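Peer 1: Take this structure, written in C-alpha cells, and hold onto it; I'll ask about it next.
The values are calculated or read from the model by the stated rules, or taken from the named source; none is laboratory data. Worth saying up front: this structure is predicted, and the values here are computed from it rather than measured. Cβ atoms come from the backbone with ideal geometry, glycine included; neighbour counts cover every protein chain shown.
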Amino acid sequence: MKKFYLLGLGIVLFVSCNQQEKRYTEQSPEIDTYKKVIAAYENKDWQELANYYADSAKIMNNVTEENGQSLAELIAENKADAVLFKDWDYVDDDSEYEMTVSDKGNTWVNFWGIWKGTLKANNKTYTIPAHISAQFVDGKIVKEFGYWDNSEIVPDIQALLEAEQNTTEEIAVKE
C-alpha cells in the first residue's frame with residue numbers, strides 16, 4: 001500500500017511539473033484586439049484605432065525604438081497617407097496572427113500580412129508583405145514594431161510630388 005501511495009505521489013509530481021503555461025497560441029483576446037486594429041486601419045477609422053493603444057504607446061514602423069512615434073503621430077501620418085491612396089487593405093487569406101509570451105512574461109501579438117493599396121495619382125496598385133509585432137499590457141498596445149519595404153512606392157510618390165510642385169510653379173509664373 002505504501003508503494004501505491006508513493007507511485008501516486010510520483011505521478012502527481014510528474015504531471016504538475018510538466019504542466020507549463022501556454023506561451024504560444026493562435027487564439028487569444030489580444031489577437032482579437034489586433035484584428036480590430038487592422039480593421040480600423042483598413043477603414044481609416046482613426047478614433048477606433050486609437051482605442052486599442054495605451055496613451056503612452058510607442059510605435060516603431062521601419063525605425064529603431066529611439067526614433068519611434070507617439071500614437072498621435074502615427075494617426076497623423078496615416079491620415080496623410082490616406083489622402084494619397086484610393087484604397088488599401090490587407091489580404092485576408094494571406095494574414096496570419098500569433099500570440100507569444102516571452103521568457104520575461106511579455107505578451108506579444110505577431111501579424112504577417114500582404115498590404116495592397118492603389119495610389120490615386122497614377123492608379124497603380126502596390127502589393128507589399130508586412131510584419132507587425134505589438135506588445136500588450138492590460139489589454140492595450142504599449143509598443144508596436146512594423147516592418148515592410150517601401151522602396152516601390154517612395155520613388156513614385158516623390159515623382160508625383162515633384163510633378164505637382166512643377167505644375168504649381170508654372171501656374172505661379174503665369175500669374
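Peer 1: Please go through the stretch 25-64 and give me each residue that is in contact (Cβ under 8 Å) with a residue 60 or more places away in the chain and over 22 Å from E96 (Cβ atoms), ordered by number.
Peer 2: Those that are in contact (Cβ under 8 Å) with a residue 60 or more places away in the chain and over 22 Å from E96 (Cβ atoms): A54, S56, A57, K58.
Peer 1: Can you tell me how many residues in the stretch 43-94 are more than 18 Å from T125 (Cα to Cα) and in a strand (DSSP E or B)?
Peer 2: Number of matching residues: 10.
Peer 1: A further question on this structure: Only one of these is closer than 20 Å to N61 by Cα and out of contact with any Phe, Trp or Tyr (no Cβ under 7 Å at 6 or more places or on another chain): Y126, Y97. Name it.
Peer 2: When all the criteria are applied, what remains is Y126.
Peer 1: For the stretch 97-154, name all the residues that are surrounded by 15 or more Cβ atoms within 10 Å (Cβ to Cβ) and assigned to a loop (DSSP other than H, G, I, E, B).
Peer 2: Passing the criteria: only A121.
Peer 1: Related question: Out of the residues in the stretch 59-79 meeting the condition of being of a type in the set (V, I, T) and closer than 17 Å to A40 by Cβ, tell me which one is surrounded by the most Cβ atoms within 10 Å (Cβ to Cβ).
Peer 2: Among those that are of a type in the set (V, I, T) and closer than 17 Å to A40 by Cβ, it is I59.
Peer 1: Here's something else I'd like to know. Is at least one residue of the stretch 76-89 closer than 13 Å to Q135 by Cα, in contact with a Leu (Cβ under 7 Å, 6 or more places away or on another chain) and either of a type in the set (A, V, I, L, M) or modelled with pLDDT of 95 or more (or both)?
Peer 2: No, because not a single residue in the stretch 76-89 is closer than 13 Å to Q135 by Cα, in contact with a Leu (Cβ under 7 Å, 6 or more places away or on another chain) and either of a type in the set (A, V, I, L, M) or modelled with pLDDT of 95 or more (or both).
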